[in-house]
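Before any comments, here is the structure.
The values are calculated or read from the model by the stated rules, or taken from the named source; none is laboratory data. What you see is a predicted model, and the numbers here were worked out from it, not measured in a lab. Counting neighbours? That spans all protein chains shown, and the Cβs are built from the backbone with ideal geometry, glycine included.
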Amino acid sequence: MRAPWSLPVFASFVTMGFVLITAMPGTSTAQAEAQRPDPAAQTQSLVIAGERDADAQREGGYTVTDPPKATAPATGIPDPGTAQAIAYELVLAKGWSGSEFDCLVALWNRESHWNVYAHNTTSGAYGIPQALPGSKMASVGADWATNPKTQIVWGLGYIQARYQTPCGAWGHSERKGWY
């Protein structure tokens, strides 16, 4: 498990690196402006997978692009015996990658901090995946209120049915603030 101070420290280093790079001597603002592409000289479009755009339609083809994949900070392999270790094994068993596990960690850190007893008094959501209502998780096991594995199995099933992958759920959560 990551120390609670590690993410802010990492973010500080990234910010300092950005500031140092942009403030490096040798590149003036005028030089940077001269290197910047002319927006009028270029066009860019995003086409949802399978849709035709006007130019491709004239050519009789499709322009296919995938939406950007949501990414989350890398987490590594969790400590054995933890809820995250249970989730890691279940994520891999579903054939998902380590990056999908990273998205799951970020998602459930936001939702419950991986607390099996987390309860949102406003909405009534409960457990690690913040099921609403929590009793939905009884479809996986009668011990849904106390067993992290039961909650994780239910949560992964919910994610797969609704968002296909944890990164799909994470991306939705990033855009909407919930999943």
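Things worth noting here:
- Checked against the criterion of being buried (at least 18 other Cβ atoms within 10 Å of the Cβ) and part of a loop (DSSP other than H, G, I, E, B), the candidates TRP108, TRP170, TRP144 yield just one match: TRP144.
- One residue stands out among those in the stretch 77-92 that are among the β-branched types (Val, Ile, Thr) and modelled with pLDDT of 95 or more: the one that is nearest to PRO166 (Cα to Cα), which is VAL91.
- Residue among GLY155, GLY95, GLY127 that is buried (at least 21 other Cβ atoms within 10 Å of the Cβ), modelled with pLDDT of 95 or more and on the phi > 0 side of the Ramachandran plot: GLY127
- Residue within the stretch 135-148 that is out of contact with any helix residue (DSSP H, G or I) (no Cβ under 9 Å at 6 or more places or on another chain) and under 18 Å from TRP170 (Cβ atoms) present: no
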